[in-house]
Amino acid sequence: MSRSVSIDMSEVDQLAKDLAERPVEVRREIGKALTRHVQQMQSRIEASVPRGVGPVDPRDKVRLFQSIERNRRRQLSGVVWSNTRAAFFQEHGTSRHAPRPSFGPALEFQAPLFEAEVADIASRPL
Amino acid sequence: MTAQGLTRREQITEALQEAVAAAVEFPIGAGVSPPNVGHLGDDPLGPFQPWANLHSIASATDGPIDRPTDDSELVYQFTCVGGGQLQAEWVASEIADALDAISLPWQIGARAVVHIDIDSIGPAVRDNTIGQSTPPEFLAYLMVRLFTTPIPTES
């Protein structure tokens, strides 16, 4: 019961097809942009997760703010996650704690920036 | 410039809470749990009064170029609480049905809700944060977006 958010545009069929036909330099640039945006999303989450307050799951081995990790999975897909159980309860709250979301707002902030950058890179003349 | 779309949000929140509360058979708390809910009595296997809490989560504005903050998108979460997994999921389903039944556009004060989008209904999970010695509670989450716009004034 962890919490993760993903930027995943790999199923945007036409975009994926278009990018596959672009020169390798273009795809490399988009890959770099994705890495940067996933890093920024992780930083944004780390900065906003509450420290020392909110629901705690006694079975967690690490503190939530120390548990945020990231990965790039494919050319158009990256993920930021926490393996702590508390991440889920912190994000959505419980009957005793109000939700204090960090993952959702970070994704809502970052995803449009990444989309705009991909569109910009993809529209550059060959 | 004042973000017009975000002013008087409390009217929208209150109307949402009242509309859902009127349509379901369990109490809806505004940010906190209402009284007389949960395990009734000392028997952990005894009756459980389910409920939901409404939380304001996020907001954003949009609009035409000359009034770029007139429209708003308001995100809410219903935290649905049950004594078992099925009960928590039932609470979420009842709220989803209540939201679907709202007729649009829905006028609230000087604004109208023109679209309601149920973003997600999360799976019911056991609340591990209350300790194993406490009778179990299960939580399901329903996220909903309300899109509002000002009602045109007659000139």
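Listing for the model above:
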item	result
Which numbered condition A:A98 fails, given (1) within 14 Å of chain B (Cβ to nearest Cβ); (2) farther than 13 Å from A:P50 by Cα; (3) of a type in the set (G, A, S); (4) not in a helix (DSSP H, G or I)	(2)
Hits in the stretch A:51-110 - residues which are over 30 Å from B:W51 (Cβ atoms), touching a Gly at 6+ places or on another chain (Cβ under 8 Å) and in contact (Cβ under 8 Å) with a residue 60 or more places away in the chain	A:Q75
Complete set of residues in the stretch B:31-89 that are of a type in the set (A, V, I, L, M, F, W, C), part of a loop (DSSP other than H, G, I, E, B) and within 14 Å of another protein chain (Cβ to nearest Cβ)	B:V32, B:V37
Residue match in the stretch B:116-132 (condition: in contact with an Asp or Glu (Cβ under 9 Å, 6 or more places away or on another chain), within 21 Å of B:P35 (Cβ to Cβ), in contact (Cβ under 8 Å) with a residue 12 or more places away in the chain and within 13 Å of chain A (Cβ to nearest Cβ))	yes
Scan of the stretch A:99-124 for residues that are of a type in the set (K, R) and loosely packed, with under 15 Cβ neighbours inside 10 Å, ordered by number	A:R124
Single condition B:Q107 does not satisfy, out of (1) loosely packed, with under 15 Cβ neighbours inside 10 Å; (2) not in a strand (DSSP E or B)	(2)
Search result, residues across the stretch B:14-30 that are surrounded by 15 or more Cβ atoms within 10 Å (Cβ to Cβ) and assigned to a loop (DSSP other than H, G, I, E, B)	B:V24, B:F26, B:P27
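A quick yes/no check of all residues on (1) surrounded by 18 or more Cβ atoms within 10 Å (Cβ to Cβ); (2) more than 14 Å from chain B (Cβ to nearest Cβ):
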{"site": "A:S48", "(1), (2)": "no, no"}
{"site": "A:Q66", "(1), (2)": "no, yes"}
{"site": "A:G78", "(1), (2)": "yes, yes"}
{"site": "A:W81", "(1), (2)": "yes, yes"}
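FYI, it's all coordinate maths here, none of it is from the lab. Not measured: the values here are computed from a predicted model. Here Cβ is always computed from backbone atoms with ideal geometry, including for glycine, and neighbour counts include all displayed protein chains.
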